[in-house]
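Here, each number is a calculation from the coordinates, and none is a lab measurement. As the structure is a prediction and not an experimental result, all values here were calculated from the model. Ideal geometry is used to build each Cβ from the backbone, glycine not excepted, and the neighbour counts take in all protein chains shown.
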Amino acid sequence: MKRFFNIFLLLTFIGISTTAYTGDSASVSSLNLMPETFHPRVEQAIMFALNRYHYKDIVLDDSLSAQMFDQYIERLDYNKSYFLKTDIDTFQEYRYALDEAISNGNLDFAYKAYKVFQKRFTERKDYIDKILQKGFDFTIDEYYRPDRSDQPWAETPAQLDSIWRKRIKDEALRLKLTGKEWEKIVETLQKRYDNYYRNMQKSQSEDVFQYYMNVFSQSYDPHTNYMSPKLSDDFKIRMSQSLEGIGASLRTEGEYTKVVEVIPGGPADKSGLLKANDLIVGVGQDEEGEMVDVIGWRIDDVVQLIRGPKSTTVRLQILPATAPIDEPAHTIQIVRDKVKLSDQVATGEIMELEEGGQTFKLGVIEIPSFYFDYEGMRKGDTSFASTTRDVKRIIGEMKSQNIDGILIDLRGNGGGFLNEAIDLTGLFIDQGPVVQVRDSDNRLSIERDVDNSVAYSGPLAVLVDNFSASASEIFAAAIQDYGRGIILGNQSFGKGTVQNIIQLNRFFPRTDEKFGQLKLTVAKFYRISGGSTQHVGVIPDVSYPSRFKHEEVGESSQENALLWDEIDPVQYSQWNGDMTSIIKTLNASHLARVQSDVKFQNLLAEIKAHKKRDSQKLISLNEAERLKLRDEAKAKKEAREEETDDKDDNKEEDLFLTESTRVLGDWIQLAGRSN
């Protein structure tokens, strides 16, 4: 029973989750922002907990201080659009002093830098009001640089004015290209930046403290973070699955609210209308409520708009991740609901495949998460929910219909309970090791399947994507290491770490005051072959094209992510010792097939266009040029849709599933029809 408690992969089945917290809405003057009396003690408690319990042994020194300095400035002004070089020069006295400051409970830098940021923000707001009154000439040739992260800091206010003039001109042009009149454009942008300003005025001392403590904690790794008392309470609510919303995890990216993950089984997932990496730019209530522009809003304010009572409707304006440049935002409707455990369960269906003159029956089992109803088991409920129990039942039903192979679909599966990944692996192998776990004290444990029965011994394929993470990767890696099945799809996310939560009140036993909690990384996973799943994830045996680069959406895209390494392998027996030649043959058949498949070739063309758009450093501010680019992109997209006679936005999902069944069919023909 120990592993139910000690090795739990944190996966939140939530209505909405956020990666940032900001405080209550009471307005506080920037001049009055200062640490609460208890913040220095909490800062020191966080320092002690990280040094004592975190997996990574980090020395709090000048090097870490410099890293924290840069990351805090970046967190405040990620695009170098507010601070002046003189501000940064003034802050330099803190660059190598933050290690001592943390040890002493000193928070001067955090609040000083934040106050200067608020001042510069107010100056920008005043400038925007002025230039909107003047208007813009969209016939001249000039260019806007949306990403300034690698540019030098502006030397003067005049240089910042030039940067902001082009930024606002770009935003105005985007609105103009959707057909808005100039008066409406001005009204929209004024509202947008008025909201920015009002949100800035809502800043609380706890906001600044949390920003700064997360810079400190995430200098260890991206999954380690401080949660204020308010955010801690929200986290507990989400873990109890009592929030009502659309079922998506969101974060702020630049001025936009970005969809990080669509929770399997939730309202957004069921609608099929919202995808990972889509940008939310507007939120409206019910079917006719005013659409509120949320570009530049704080993440918690966007979340509050999206949340709402069960069975009510929320409308979202989104910029799809795959949309061509300047394509107008799409409006979608989603009916709010709770994301329940019952929506997360594994499901199965049998698909027939005609391949090589033969017809195969293939069992497709979709597993949205690795779930386990511990409370139900503890209370003696004989039908408690469990991924392994449900999949075993589905396999039994499929075997009664004489299936020829099984495909496990783990796309979008962000993880869950480790014990379920181990037990699920056990359905397909004899007893043996599944994963190695090394903790912060360098102790190594080997988690095993101890059941020597096998639920299914026939041809097996596992389909993963960029968002298959944690427990999904443990299962896929074990299947791959044993040679038990073939792994298909995209390189998986690469989260090979375990987190635990420490209540900070444990360091203050004589007070009833709440101090929040610290979530920190305490262990790391290793495959039975010795390599870690961290950072790299699982590399498929047969790879499919992806819109996203692993270094853009996977664990490796996150700052300070723990690196890949390896330890000694453990002893285990290969299920199939001839997988190398089999995989080579399957890849050859797959490549030959997709080269003549119009849908696959069109998908590759879309991916190429998407990457070309994302690689643009400069964007034209000439209306005619932007119209030309938009029309060309739209024409190409329509031509591809016409060629395939398929306007389904989810066609690549179906495409990958169909191709996976064909690859499995190829293997069945190689292996012979046996189960």
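List of remarks:
- Over region 344-408, the fraction of Cα-Cα pairs per 5 Å bin, rounded to whole percents and listed from the shortest bin up, is 4, 18, 22, 18, 14, 11, 7, 3, 2, 1, 0.
- Residue 150-residue 625 pseudo-label distance in nm [points 7 Å out on the Cα-to-Cβ vector]: 2.0
- Mean ellipticity per residue at 222 nm, deg cm²/dmol - from DSSP H runs of n ≥ 4 across the chain, formula -39500 (n - 2.57): -13000 deg cm²/dmol
- Taking 0.36 nm per residue of separation and subtracting the Cα-Cα distance, full extension of the segment from residue 596 to residue 125 would add 164.1 nm.
- Three-way shape call for region 22-226 based on the alpha-carbon gyration tensor, with the a/c threshold at 1.5: prolate
- Rounded FRET efficiency, nearest 0.05, which uses the C-beta distance separating residue 355 from residue 287 and R0 of 60 Å: 0.85
- log10 of Debye I(q)/I(0), alpha-carbon scatterers only, for region 468-609 at 0.09 Å⁻¹: -0.41
- Cα-Cα P(r), the chain, percent of pairs per 10 Å interval: 3, 14, 23, 25, 20, 11, 4, 0
- Plainly put, region 230-338 has a radius of gyration that is 0.94 times its Kirkwood radius, both from alpha-carbon atoms, as the Rg/Rh ratio.
- Fewest-first sequence of 227, 47 by Cβ atoms within 10 Å of each Cβ: 47, 227
- Theoretical gain in end-to-end length, residue 373 to residue 41 [0.36 nm per residue, Cα-Cα removed]: 115.7 nm
- Full-stretch length increase - residue 654, residue 431 - with 0.36 nm per residue and alpha-carbon distance subtracted: 76.8 nm
- Hits among lysines - C-alpha to C-alpha of residue 202 under 20 Å, sequence gap 8 or more where chains match: 112, 115, 119, 125, 191, 230
- Förster radius 30 Å - calculated FRET efficiency between residue 610 and residue 191 (Cβ-Cβ, nearest 0.05): 0.50
- With a Förster radius of 60 Å applied to the C-beta separation of residue 452 and residue 134, the computed FRET efficiency comes to 0.15.
- Region 79-114 and region 445-505 have their alpha-carbon centroids 42 Å apart.
- Measuring nothing but how far apart in sequence close Cα pairs (under 8 Å, 6+ apart) lie, relative to its length, region 230-338 scores a relative contact order of 28 percent.
- Set of lysines near residue 608 by C-alpha distance (under 16 Å), chain-local residues within fewer than 8 positions excluded: 549, 599, 634, 636, 637
- Value of relative contact order over the chain, rounded to a whole percent, pairs C-alpha under 8 Å and six or more apart: 15
- Only helices reaching 20 angstrom along their own axis (Cα) with mean Kyte-Doolittle hydropathy no lower than 0.0 count here, and for the DSSP H runs of the chain these are 579-595.
- Our note on the geometry: Cα centres of region 560-615 and region 355-414, 24 Å apart.
- Model label points for residue 670 and residue 70, set 7 angstrom from Cα along the Cα-to-Cβ axis, are 4.5 nm apart.
- Protection-proxy order for peptides 488-497, 110-119, each taking the mean of Cβ atoms within 10 Å per residue, highest first: 488-497, 110-119
- Residue order, fewest to most surrounding Cβ atoms within 10 angstrom, among 74, 352: 352, 74
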